[in-house]
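Structure, as structure tokens:
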Amino acid sequence: MTSSNSQLFLDFGSRETTDRVDSHSDELAFIERTKSRACSWVPSSCSYYHRMVYGRLQYAMSRLNLRTCFILCVCALIVFTLSSAIDSNKDFKLPEFRSLLHPQAQTWDSSPANANAIPAVEHGLHEDYGQYPWTFICVDDKCQRYPVVANKPAAKVSFDVCWLTCGHSGSLWPVPAEVKLSRTAAKFYPETFFIREISGPTDYVKSLTSLAANLTQMTLKKMLLEHGKNGVTRSADDEPRYHSPESTIVEVHLFADEAATTLTDSTDESYEMKISSVTMGTGAMINVNIKGATFFGIRHGLETLSQLIAYDEISQCLQIVDDVTIKDGPAYPIRGLMLDTARNFIPLDNIYGMIDAMSYNKMNTLHWHITDSNSFPFRSKQVPQMSLYGAYAPNKIYTIDDIKSLVFYALVRGVRIIPEMDAPAHAGNGWQWGPTEGYGDLAVCIGKEPWRSYCGQPPCGQLNPMNENVYVVLQRLYEDLLEAFEVDTFHVGGDEVLPNCWDGIPHIKDYMNQNKLHDHLDLWGDFHKKSYEKLRAANKNKPITAIVWSSGLTGSNTGKRYLDPRNFIVQIWETASSFQIGELLRNNYRLIFSNVDAMYLDFGQGSWLGGEHDYKYHNWQLFYDNDLDKIISRSTNGKPQLVSQYAKLVLGGIATLWTEKVNENTMDAKLWPRGAALAERLWTNPKTPRSDIVYARLNHQTKRLKARGVRCATLQPFSCLQMTGNCNDPRNPLR
């Protein structure tokens with residue numbers, strides 16, 4: 001599966017970056033081509049949209065084969081014909097291009113009866129904002145709606161502009177570590193927003209920074225497009241023009257200190273930002289300086305910058321907070337989401353969208369649970385039998401090239417992808433081919449019934465630890481996966497092994513006796529020891545960190561003999577009160593929290609299997625209040641010295657989206673805005689009790705995500721957002 005062609009051509013600064021190449025020099029050449037070709041060769045007499053289309057087409061043709069280019073040329077001819085027809089229509093409405101600029105933009109009826117109809121603006125405001133009878137005022141750190149005073153129309157303030165400077169941190173999500181905002185903002189237009197300087201230790205750092213900056217510029221343009229014709233007029237040559245009484249210019253300067261372009265647990269993602277303004281006639285010169293320790297810090301700073309800007313329906317332009325000082329960085333190095341694509345296949349385009357939304361919340365880790373006993377959708381070059389036997393259908397697969405493109409797309413957005421190939425349990429479909437090709441039984445108990453006797457959930461399947469060919473196949477799969485993902489950390493699964501499954505293997509007791517394996521935990525641990533050796537060999541014998549789920553093995557003394565804390569991280573999925581947490585910390589294991597009592601995004605839809613699988617929905621407050629410091633304190637009986645010592649072993653958290661009852665149509669609403677709540681917990685790690693202001697701020701962040709195309713769930717009626725605090729019940733306050 002690949003991303004849609006419309007997105008490839010028309011989302012400038014985004015999907016062009018997804019063609020992964022083999023070296024940094026190739027990437028640099030590709031980046032420069034992407035930047036320079038957009039409109040350079042199309043005659044100036046062509047419309048803005050024609051040049052945009054043909055720029056994308058030329059880039060794509062340089063990457064594709066002749067047959068594909070021919071097909072694209074035909075498509076371009078159709079686009080040219082249609083757009084020419086639109087240009088000839090004097091009643092042309094700019095919002096009709098929204099669907100071209102974002103794959104998730106809503107569509108509307110384009111029949112002749114509705115040809116001149118403008119889609120309703122999502123914000124629900126009057127088309128003529130001059131007649132809108134309301135203004136918004138910051139009261140108690142929340143924007144409230146009030147009637148406009150008849151004799152003071154100039155005092156009218158739009159909702160988003162009010163939030164820019166309201167309270168301690170305005171509309172910023174997550175809250176920066178240190179922030180100081182002025183109470184004033186300056187008007188400007190995307191045409192006068194310039195990236196004036198990009199400084200970095202290498203060309204590759206500067207090129208990545210340039211791509212991230214282009215995304216910020218696109219975000220600003222989409223703010224205008226989101227509001228339809230407001231703020232945009234059409235000139236004689238069909239170029240978009242923004243009518244402005246001011247002459248404000250915004251100049252952005254970006255500085256990276258370090259050459260790091262790979263995101264790891266030790267990468268410095270901090271940044272500093274200073275925005276200052278100088279009056280200049282009827283406008284101003286706004287200087288934005290963002291200094292990051294690495295490219296990733298600059299990228300986060302650019303996201304913050306985009307949140308310091310809002311569209312103003314009254315003046316029909318953008319406004320930026322004109323005096324800002326921020327010093328910021330994350331509390332935890334791993335701030336992530338897990339996506340399961342084995343139980344239900346998730347198309348690549350939805351994963352692209354998930355990465356976009358993660359970047360809007362400064363989340364940096366996508367844990368991709370790519371395989372399970374249900375299916376094996378990864379197409380391996382060395383072991384193609386896996387997806388042949390294991391994929392749901394020939395078109396429900398992910399190729400190495402698909403993944404490389406996704407990895408680079410994520411990199412530009414400050415996100416790394418950690419793959420998980422679960423083993424030895426959760427391994428069934430895909431492993432059936434061994435006997436027919438002379439490899440023996442690679443997995444056992446595949447689909448065996450009654451399933452409750454052999455696995456945690458159907459269909460069953462566990463790898464055969466006695467068969468040496470299992471480890472040969474594992475190394476080949478690891479090699480292909482490492483080629484695709486280019487990571488220093490790999491998730492090997494490792495949970496829910498059931499002894500009954502292995503007990504059915506002929507001569508298993510003899511094998512255990514011969515290898516001095518005293519019980520099933522030894523057998524389990526021995527599997528991980530051997531498979532880790534293959535993982536390291538696949539990594540060209542360079543050090544690589546493995547992640548395992550917490551389990552009966554990690555909770556035992558046996559686990560210490562096989563899972564070296566220097567090589568293994570444990571991802572906690574038990575409850576926050578699990579005895580394992582303290583034991584693992586005392587044994588010096590690094591931990592990632594996905595505790596089942598607060599971090600499961602799929603809960604709350606009823607059971608798909610049995611009554612015991614009917615779990616309560618986790619509201620956003622559970623994610624926000626999942627304080628890892630408090631979990632560590634409870635696990636160490638509150639001893640300050642131990643809390644300080646063990647806190648260094650806590651890498652962060654990952655909320656899980658298992659897909660038994662989730663697909664591409666429902667995943668966004670499951671992920672957001674609860675994922676945003678977790679993002680602030682892991683970035684800011686707030687120390688004060690959660691107040692109702694957090695609810696108001698998260699409501700506003702949800703509104704922002706929707707405007708950027710994320711199909712997230714809604715927390716409250718929109719009236720609660722416009723009249724913040726009015727929906728609270730004093731007898732039963734929001735928790």
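Read-outs: derived from the displayed coordinates by stated rules, not from any lab. Note that the coordinates shown come from a computational prediction; the quantities given were computed from them, not determined experimentally. Cβ placement follows ideal geometry from the backbone for every residue including glycine, while neighbour counts extend to all protein chains displayed.
Return the sequence-ordered ³J(HN,Hα) values of segment 187-192 in whole Hz as given by the Karplus equation 6.51 cos²θ - 1.76 cosθ + 1.60 applied to θ = phi - 60°, using x for Gly and Pro.
For segment 187-192, the Karplus-derived couplings read 8, 7, 10, x, 5, 10 Hz, x marking Gly and Pro.
Give me the one-decimal nm value for the distance between modelled label points at Asn665 and Asn539, 7 Å along each residue's Cα-to-Cβ direction.
4.1 nm
Ala443's amide H: which non-local residues (gap 5+, or another chain) put their own amide H closer than 5 Å, with H modeled 1.01 Å from N in plane and none for Pro or chain starts?
Under 5 Å from the amide H of Ala443 lie the amide H atoms of Asn464, each far enough along the sequence or on another chain.
Taking a cut-off of 27 Å between Cα atoms, list the lysines near Lys206, but don't count ones fewer than 8 places away on the same chain.
Lys35, Lys221, Lys222, Lys274, Lys291, Lys327, Lys362, Lys404
So how much slack lies between Tyr389 and Lys616, counting 0.36 nm per residue of separation and subtracting their Cα-Cα distance, in nm?
So the extension gain works out to 78.2 nm.
Take a quick pass over segment 535-649 and tell me how many lysine pairs come in under 27 angstrom between Cα atoms, counting only ones 8 or more apart or on separate chains.
Lysine pairs meeting both conditions in segment 535-649 amount to 10.
Mind listing the long-range amide H neighbours of Phe490? Cut-off is under 5 Å, sequence gap 5 or more, other chains count too, H placed in the peptide plane at 1.01 Å from N.
Thr545, Ala546, Ile547
Starting from the alpha-carbon convex hull of segment 273-395, give the projected area averaged over all orientations, in nm².
Approximately 12.0 nm², given one-decimal rounding.
Which length gain, in nm to one decimal place, applies between Asp564 and Glu496 when the Cα-Cα distance is subtracted from 0.36 nm times their residue separation?
22.5 nm
Hey, how many Å between the Cα centroid of segment 381-458 and the Cα centroid of segment 704-730?
So the separation of the two Cα centres works out to 40 Å.
Set the Förster radius R0 to 25 Å, insert the Cβ-Cβ distance between Lys630 and Asn728 as r into 1/(1 + (r/R0)^6), and round the FRET efficiency to 0.05.
Calculated value: 0.45.
Give me the Kirkwood hydrodynamic radius of segment 161-231, using the inverse of the mean 1/r over all pairs of distinct Cα atoms, in Å to one decimal.
14.8 Å
Once R0 is set to 45 Å, what does the formula 1/(1 + (r/R0)^6) return for the Cβ-Cβ distance between Lys396 and Lys274, expressed as a FRET efficiency to the nearest 0.05?
Result of the calculation: an efficiency of 0.40.
Which ³J(HN,Hα) values in Hz, rounded to whole numbers, follow from the phi angles of segment 497-502 under the Karplus curve 6.51 cos²θ - 1.76 cosθ + 1.60, where θ = phi - 60° and Gly and Pro get x?
7, 10, x, 4, 5, 5
Cα-based Rg of segment 251-334 per 2.2 N^0.38 Å, rounded to two decimals?
Here the Cα radius of gyration is 1.26 times the empirical estimate.
Taking amide H atoms as placed 1.01 Å from N in the peptide plane, list the residues 5 or more away in sequence, or in a different chain, whose amide H sits under 5 Å from that of Thr724.
It is Arg145, by chain and number.
Taking 1 over the mean of 1/r across every pair of different Cα atoms in segment 610-714, what Kirkwood radius in Å do you get?
Kirkwood hydrodynamic radius for segment 610-714: 15.7 Å.
Determine the equivalent ellipsoid of segment 550-679 by diagonalising the alpha-carbon gyration tensor, then write out the semi-axes as square roots of 5 times the eigenvalues, largest first, rounded to whole Å.
28, 17, 13
So, how do all the Cα-to-Cα distances of segment 389-521 break down into 10 Å bins, in percent, from 0 on up?
Per 10 Å bin, starting at 0, the Cα pair percentages come out as 11, 35, 34, 15, 5, 0.
At 0.36 nm per residue, minus the direct Cα-Cα distance, what do Thr262 and Ala155 gain on full extension? Give it in nm, one decimal, please.
That pair, Thr262 and Ala155, stretches by 33.7 nm at full extension.
Evaluate E = 1/(1 + (r/R0)^6) for Ala713 and Ser691, where r is the Cβ-Cβ distance and R0 equals 25 Å; express this FRET efficiency to the nearest 0.05.
After rounding to 0.05, the efficiency reads 0.70.
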